[in-house]
Structures are given as C-alpha cells and as structure tokens.
Amino acid sequence: MANKITTGLLLLTLLASNEALKILISFPMITKSHGILGHAVADRLLEAGHQVTHITTFPREKPTPNLTDFSVAHVTLKLLEEMNQDDIMTMKNMIGQGNFGDSFMFPFFAFLMHKKILEDPATLKLINEEKFDVVILEYFFSELLTGIPALMGVPLIWFCSTEPHWQALRLIDSIPNPAYNVDVFATYGAPLDFWQRVDQMWRTVTKFTKINFGLVPMEWWTYNSVYPEIAAKKGVTLPSYSEAAYNGSFMFINSHPSLGGAIPLPQNAFNIAGYHVADKPKPLPKDLQTIMDEAKDGVIYFSLGSFMSSDGMTDEMKASFINMLSKFKETIIWKFDSEMEAPANIHFVKWAPQQSVLAHPNLKLFITHGGQLSLIEAMHYGVPLVGIPLFADQYINMAAVERKGAGIKVSLAEDMAIDMEVAIRKVLTDDSYRIRAKELSEIYHDRPMKPGKAISHWVEYVVKTRGAPHLRSPALSVNTFQRLHLDVLALFALVIVVVCKFVKFVRKSLTSTPKKSKTQ
Ligand SMILES: *[C@@H]1O[C@H](CO)[C@@H](O)[C@H](O)[C@H]1NC(C)=O
C-alpha cells in the first residue's frame, strides 16, 4: 500500500515536471509537403500532451483538441497567384530552366511571404495578445519571424525541412565546407570533381554576398518597421534583427544519413526524418487495394508529388509516357489529375495514400520527383526508385539515391520517355537496387529513439534548460574573419615578410663588408 502511494506520488511529480507547454509552430509554405511537415510536428507535440498553435496554409477541416490552426492561406495563396503568372511551376515550362530555387525570384518570394504573413493584422494580433513557451519556425530562407520568440523572450527552435544545408546551418553553426557539402539547390551531389568544387565555392560566395547585401537589409528594415511598436506596447526591449536571427536554441533536421550525406551537425541539431510517417499505414481505398492485391506481376507507383502535376507535361510527353509504360507487364498506378484514356495496365488516380501504396508488398518501384517526403516514405518501406528531379532539393536528393545504389535519376526533357524506359527496366531487373533499398531501410529504422518521440523530447529539453545554451556551437561566437583565420593568416604573412626583410638585410650587410674593404 505504502509502496503504491509512493509510486503514485512519484508519477505525479514526474507529470508535474512535464507540464503541458504552449507551443507556436510556423510552417507557412504554400506547398502541400510543407503543410504535411507542419501537421505532423503538431501531431507529435499534441500526442505528448502539449498545446499547439500552428501557422499554416492548410488548416485542418476538423477541429482537433488542443490545436489551433492559424491559417495564413489568404496571404500565401494570393502571393503565389501573383507570382506564378506564367505558370512557371509546370513541368513543360521547367525543361531546360535549371533549378528554380536558384532563380532570383525564389529568395524574394520567401522574403515576401514572411513579410506579408508578419504584417497581416491577424498575425500582429496573435503576437500582441498571446504568449508561448517556445516557438518552432520552419526555416524557409527567411529569418523575419525570429522576432516573435525574441519579443516573448522564449527559445526559438528551427526546423530544416531538407538535407542540412549551409543556409540553414549558418544560423546555428558555421557554414559547412563547400568542398564536400553541396548547396541545397545544386543539380548534382557529392563527391565533387574539380569544376563542381569551383561551382560550389562560387555559389557559396555569391549567395552569401546576395543574402548579406540584398536580403538581410530588406529583412532588417521589415523587422524594424514591425516589431518595435509591439515591443513598446509590451514594455520589453527588442533584440536587434541579427541577435534574434542567430539565437536559435535547436534545429530539427528532416533528414537522416540513410537518405543523404553524413553531414556533420552541431550538438543542438538532430535528424528526425520519418517523424511524419504513420506507424501503421492507413488502409487503402477498396479499388486500389484490389488493384494492388491482384497485380501478379507487381506494381509501379508513379507520382510527382502534390505540387507538381503530371498534367503539366506537354501532350507529346504524356503520349510518349503512356506508350512507354503500356509496354510493361507490371500494373502502373499513376497519380494524374485529369481524365485520360488508359491502356489496360495503367490506372490513373487523382490521389493515393502514398504511404499505404508504398507499404503494399506487391509494390516493386516508385517513380518520383525526388521530394524529401517521398524519399523518406520510400526509405521507410525499402522501395527502389526512379527519379525525375524537377526543382529545389530534388536534384541533390536523387543524386544521393543514385550514389547509394537505391535508384536511378533521369533528367527532365521533352523526349525523356526513352531514358525512363531504360531506367525502369534496369531497376526492375537488376536485384541490387531492391536489396540496397532494403538495406538502407534497415539503417533508417535502426535508431535509439523514434523520430516522432525525439521531437517532443527535444522541445521539452530546450524549454527545461531555458534554451539549452550549453549545446550552442562556439562557431557562432567568432566572426567570419576569425573563422576563416584571415587575421591569423595576416599575422603569419607579416612575420614572413619581416623575417625575409631581416634575412635580406643581414645578408646584405655581411656581403657588403668585404666589398667595402676591396674598394678601399
Ligand atoms: C536568446 O534565447 C535565449 C533562450 O531562449 C533567451 O533567454 C534570450 O533572451 C534570447 N536572446 C535574445 C537576444 O533574443
């Protein structure tokens, strides 16, 4: 009896020390995959008993206890409409265009999106009236919202939705070495040859300059036109823009060495890829279940993600793809938005529960755009891939898949069906791809803590330790000059010059003495 009471008391104190936190999370990006990431972070925190306010473009239809979806769709979708005038984000218009992430438009879009969200009256009201224990921001190429945790004097946690890359890592550590750490929008992956290293160095230096002299002033200006008024109302002192931007306590990284590279991370960053994947896949819709169950030669699943639609192909591309896929004995499930005539082995679906399709034992191959979520889900179920990277991090993702031997990358082109056929046949017939995908899947699953659990663990840890200052990288306390040892090199150069001068002087005086005696 006494024992029971002590255990009960112990449990109570444990519960009390793990109080429910009020957490603000922000995943405002207009593409569905970022919405999925945000909802899954909210879910993992709700499961741990916390209260969540979620800044999102995709509010849930049904109310969820302890969750407030704070929709910014009226801001973000309007901006998308304004900026996507010429349908630049369609497959046919992307051919030969390089990576959209590298265009001038992209960082400007990211800045404008955050600026418009911040300046929206509803957001201002939220910041003015609410108080949170911790703020989680998806890093989407803007530091503007870091003023929110700074105003509230609470820890900031970053969320990096891709492979860890220098633009994100620079906020909590130094810029990683571009000799082996590629830019997130590169169109190739490591290991790098000489010209690729030249390209990486060039990209890093020019982007760094553009960020510091182009974006940062705009962000600084917006920061100082919005936050000081709120700070005055609240009666708090506002940290400067850069103090707020570089004050992140922690960073979640939506990756894992089984997927990308083994990129060195500071102590306050943690890989949580897979936290959005359901423990048990949802049952398939009846028609899909029947199709997959009855596919005696296996199934190929073809989906280019939620943002990019197969409809964006030219008519010739569509026809050549259908013709090419109809030659396979496998059943094809193709995520396609419009109605089309289909050969017997091809099934067009407008939507499919991707995780459940990937989990089906008859699935043989996934044709993907190489989006991070698709790769994670494929890795979760050990499915080999053929990938057509279209934009953003999809190129480096597919480069990693190819390097690891779990799939083949095919370049986007009008006549790409020919290369696709070769790649698909190779992955289907050469067993090594399937075996490698299974091996990587085992590596992916073998972790001391499930990624979903790690999210609530680290959030609670950061709050408990008041921002986990002991985990911060010392790299943040030195400036770029010091980090690159430019001052030290200058000193060495000076010493060498002085020594040389001295040696010269001594030699001159030694050799000139006898000369003098000769002339005498
Ligand atoms: C930086 O973060 C810590 C931990 O959350 C917080 O206590 C501190 O006030 C923040 N400093 C600035 C300048 O925002």
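The values are calculated or read from the model by the stated rules, or taken from the named source; none is laboratory data. Here the structure is a predicted model, which means the values were calculated and not measured. Heads up, the Cβs are rebuilt from the backbone with ideal geometry, glycines too, and the neighbour counts pull from every protein chain shown. Ligands, DNA and RNA are stripped out before the accessible areas are found, and what is left, the full protein with its side chains, is counted by its heavy atoms. Shrake-Rupley method; radii C 1.70, N 1.55, O 1.52, S 1.80 Å.
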Query - Extreme residue, positive dipole direction of the chain, given options Leu112, Val497, Ala48 (C-beta unit charges) - result: Val497
Report task. Give the relative contact order (percent, whole number) for segment 331-430; include only Cα pairs under 8 Å separated by 6+ residues. Result -> 19 percent
Query raised in the report: Between rounded, prolate and oblate, where does segment 167-258 land on the alpha carbon gyration tensor, with a ≥ b ≥ c its root eigenvalues, rounded for a/c under 1.5, else prolate if a/b exceeds b/c?
Result: prolate
**Report entry** Karplus 3J(HN,Hα) series, Hz, for segment 255-263 with 6.51 cos²θ - 1.76 cosθ + 1.60 (x for Gly, Pro)
**Finding:** 8, 6, x, 5, 9, x, x, 8, 6
Query - Apportionment of accessible area to carbon and sulfur, the chain, percent (1.4 Å) - result: 61 percent
Report summary line: In the structure shown, of Lys32/Lys404; Lys116/Lys210; Lys92/Lys296; Lys116/Lys453; Lys286/Lys409, the pairs separated by more than 30 angstrom at the C-alpha atoms are Lys92/Lys296; Lys116/Lys453; Lys286/Lys409
Query - Accessible area per residue in Å² at 1.4 Å probe, computed on the chain - result: 49 Å²
Query raised in the report: Using a basic spin-label model with each label point 7 Å from the Cα along Cα→Cβ, how many nm lie between Phe492 and Lys32?
Result: 5.4 nm
Query - Point-to-point label distance, Ile418-Thr290, nm (Cα→Cβ direction, 7 Å offset) - result: 4.0 nm
Requested in this report: Treating only the Cβ atoms of Lys and Arg (+1) and Asp and Glu (-1) as charged, compute the dipole magnitude of the chain about its Cα centre; round to the nearest 20 debye.
Outcome: 2720 debye
Query raised in the report: Can you give the relative contact order of the chain as a percent, counting alpha carbon pairs under 8 Å and 6+ residues apart?
Result: 15 percent
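Per residue of the chain, what 222 nm ellipticity follows from adding -39500 (n - 2.57) for every DSSP H run with n ≥ 4, rounded to the nearest 500?
Roughly -15000 deg cm²/dmol at 222 nm, from the helical runs in the chain.
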Report summary line: Taking placed amide H atoms and a strict 5 Å upper bound, the residues 5 or more places from Phe302 or on another chain that come that close are Ile333, Trp334, Lys335, Ile367
Report summary line: The ³J(HN,Hα) series, computed from each phi in segment 108-117 with the Karplus coefficients 6.51, -1.76 and 1.60 at θ = phi - 60°, rounded to the nearest Hz and given as x for glycine or proline, is 5, 4, 4, 4, 4, 4, 5, 4, 5, 5
Requested in this report: Show the residues, 5+ positions off or on another chain, whose built amide H is closer than 5 Å to the amide H of Asn66.
Outcome: none
Query raised in the report: By how many degrees, between 0 and 90 and to the nearest 10, does the Cα long axis of helix 216-234 differ from the longest principal axis of the chain?
Result: 80 degrees
Query raised in the report: Hey, what do the phi angles of segment 375-382 turn into as Karplus ³J(HN,Hα) couplings, whole Hz, using 6.51/-1.76/1.60 and θ = phi - 60°, x for Gly and Pro?
Result: 5, 4, 5, 5, 5, 4, 9, x
Report task. Check cross-link reach from Lys131 to the lysines: straight Cα distance under 16 Å, and skip same-chain residues fewer than eight apart. Result -> Lys22, Lys233, Lys234
Query - Three-way shape label, segment 286-445, alpha-carbon gyration tensor, a/c 1.5 - result: rounded
Query raised in the report: Using modelled amide H (1.01 Å from N, peptide plane; none on Pro or chain starts), what sits under 5 Å from the amide H of Ile272, excluding residues fewer than 5 places away?
Result: Ile253, Asn254, Ser255
**Report entry** Given charges at beta-carbon only (K, R positive; D, E negative), |dipole| of segment 159-284 in Debye
**Finding:** 200 debye
Report summary line: Simple SL model, points at 7 angstrom along Cα→Cβ for Thr429 and Asn362; separation in nm is 2.4 nm
Report task. Kindly give the semi-axes, whole Å and largest first, of the ellipsoid equivalent to the chain, taking each as the square root of 5 times a Cα gyration tensor eigenvalue. Result -> 44, 35, 24
